[in-house]
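So the structure is just underneath, and the comments pick up after that.
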Amino acid sequence: MTTPWQPLFERLIGELDGHSSPDWQMPNTTLDPSIYRDPERFAAERDRLFRRLPLCVGHVDQLAQPGSVLALDLCGVPVLLVRGRDGQLRCFLNVCRHRGARLVADEGTVCRKQSLVCPYHAWTYRLDGSLAGLPRAEAFPDLERHTLGLRSLPCAVRHGLIWIVLDPTADAVLDIAGHLGALDRELEAIGLGNHRVYRQRAQRRAANWKLIIDAFLEVYHLRRLHAGTIGPFFVDAVAVNDSVGCHVRSLIARETTPEIKGLPPQQWNPQAHATLVHFIFPNSVLIYHPDYISHLGLFPVAPDETLFVHTMLIPEAPADEKAAAHWQRSFDLIDAGVFDKEDLVVCEAIQRGLASGANDAMIVGQLEQNLQRFHSTVDAALR
Ligand code: FES
Ligand SMILES: [Fe+2]
C-alpha cells in the first residue's frame with residue numbers, strides 16, 4: 001500500500017537530482033505592494049475570507065476538561081470556546097445578550113468556570129450558552145429567556161483541531177473534511193488528533209497577514225535568513241509544491257532526505273526525512289518538524305497588524321524533566337529564535353518599507369511560486 005508521502009518523495013528525489021518541478025516552467029510574476037496596505041482590500045479580506053471560511057483556532061487538548069473556557073479576539077470578533085459539562089465543545093460570541101458587555105475579559109488564557117456571569121449586571125449563562133438567570137428579574141416582565149442564550153458560532157473538531165466560522169448567521173454544520181479536501185487524509189496520517197499542546201504564544205505583530213503567510217510558503221530564504229538557526233538542516237531551496245484545492249502543500253528537502261534511497265517507501269517519513277508544510281486556506285500553516293509540529297494561526301487586526309498565534313504540538317505529554325527540558329529548548333529555538341527574531345522581524349521591516357515607493361512591484365521567482373498559488377487563490381476568493 002502506498003502512503004500519501006511516497007509520490008511526494010519520489011518527486012522530491014527527482015527535484016534533488018535536477019530541476020524537474022513544474023515550478024521551473026512557471027514565469028516570474030510580481031505582486032502589487034498595495035495588497036498589503038490598502039484599507040479597502042483589507043476590509044474585503046476580513047469580510048469575505050475571515051468572516052466566512054472555517055478558521056482553525058486551536059487544539060482540543062487546550063480545552064480537555066469540562067468547564068474549560070477560552071476567550072479570544074479574532075479579527076475583531078470576541079469569541080468564547082467552552083467545553084460544557086456534557087463534554088461538548090461549543091463556540092459563542094463573547095457578548096452579553098442584555099446590553100452587550102464582554103462576558104470573559106481574560107483573552108488567550110484558558111480558565112475553568114461553573115457558569116458565565118456578565119460583569120456589568122450579572123446576567124448568568126450556563127456553559128451550554130443558555131440564560132440561567134438575571135438579578136431583579138421583576139424589571140423584565142416581557143423577557144423571553146429561551147431566546148436569549150449566547151449567540152453561537154458554527155464549531156467543529158477534526159484531527160484534534162478546533163474550527164469555527166466567525167459569523168453567527170452561517171450554516172451551523174461545518175464540513176471540515178470537505179474544506180480540507182485531499183489534505184484531510186494527510187492530517188489523518190500524521191495523527192494530529194493524538195498530539196498534545198506543549199505551549200502556545202499569541203502576539204500582535206506590525207505586518208499584514210499575507211506577508212507572514214508569504215514567509216512560510218517559500219524556501220528561498222531558509223538557508224539565508226535562518227543561516228544561524230535552522231538553515232543548515234536544509235538543502236538549499238529544494239521542494240515540491242502543490243495547490244490542493246485552495247490550500248498549498250510543500251515537501252521540503254532536508255540534509256537527511258537522500259537517506260530514503262536506502263529505505264523501503266513505507267518508511268519514508270515526511271517529518272524524519274523532509275519537512276512537510278500544509279497551508280490551509282485562508283490563515284493556517286502546519287509545519288511538521290522532525291519530532292513536533294507548529295501550527296500558526298494568522299488573524300488580521302488591521303492592514304498592518306496581525307495576531308500571530310503559534311501552537312507547538314508534541315506527540316505525548318513530557319514524561320519527565322529531561323523530556324520537558326528537550327521540548328522547552330525546541331520551543332525556544334523555533335518560537336523565539338526563528339519565528340520571532342527572524343521571520344516576523346523581516347515581515348515587519350517589509351511592512352515599514354512598503355510606503356517608501358522603492359518597489360512598484362514585488363518580484364516573485366521560481367523558488368517562490370507558492371506565493372503565486374496563495375495570492376491567486378486569495379484574489380479568486382475575493383471575486
Ligand atoms: S450587559 Fe451583561 S448583564 Fe448587562
Ligand atoms: Fe522562515
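So here's what we get for this one:
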read-out: Residues located in the range 164-215, provided they are closer than 24 Å to residue 108 by Cα and buried (at least 22 other Cβ atoms within 10 Å of the Cβ); value: 164, 166, 195, 205, 207, 208, 209, 210, 211, 212, 213
read-out: Among the residues listed as 320, 360, 343, 304, the single one being acidic (Asp, Glu), in contact with a helix residue (DSSP H, G or I) (Cβ under 9 Å, 6 or more places away or on another chain) and farther than 29 Å from residue 23 by Cα; value: 304
read-out: Residues being exposed (fewer than 13 other Cβ atoms within 10 Å of the Cβ) and either within 11 Å of ligand 2 (Cβ to nearest atom) or touching a residue at least 40 places away in the same chain (Cβ under 8 Å) (or both) - total across the range 342-356; value: 2
read-out: Whichever residue in the range 109-122 is assigned to a loop (DSSP other than H, G, I, E, B) and touching a strand residue (DSSP E or B) at 6+ places or on another chain (Cβ under 6 Å) and, among such residues, is farthest from ligand 1 (Cβ to nearest atom); value: 110
read-out: Residue ranges of strands (runs of 3 or more DSSP E) in the range 48-108 with at least 2 members of a type in the set (Val, Ile, Thr) and buried (at least 17 other Cβ atoms within 10 Å of the Cβ); value: 77-83
read-out: Yes/no for residue 132 being more than 28 Å from residue 177 (Cα to Cα) and either within 16 Å of ligand 2 (Cβ to nearest atom) or assigned to a strand (DSSP E or B) (or both); value: yes
read-out: Hits in the range 93-108 (condition: in contact with a Cys (Cβ under 8 Å, 6 or more places away or on another chain) and within 10 Å of ligand 1 (Cβ to nearest atom)); value: 96, 98, 101, 102, 103
read-out: Scan of the range 122-157 for residues that are in contact (Cβ under 8 Å) with a residue 24 or more places away in the chain and farther than 29 Å from residue 55 by Cβ, ordered by number; value: 134
read-out: Residues located in the range 244-274, provided they are closer than 14 Å to residue 186 by Cβ and in a strand (DSSP E or B); value: 244, 247, 248, 249, 250, 251, 274
read-out: Some residue of the range 213-235 being within 16 Å of ligand 2 (Cβ to nearest atom), on the phi < 0 side of the Ramachandran plot, part of a strand (DSSP E or B) and not assigned by TED's automatic domain parsing to the domain that holds residue 60; value: yes
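The values are calculated or read from the model by the stated rules, or taken from the named source; none is laboratory data. All figures in this text were calculated on a predicted structure; none of them were measured in a lab. When we count neighbours, we look across all protein chains shown, and the Cβ atoms used for this are built from the backbone with ideal geometry, even at glycine.
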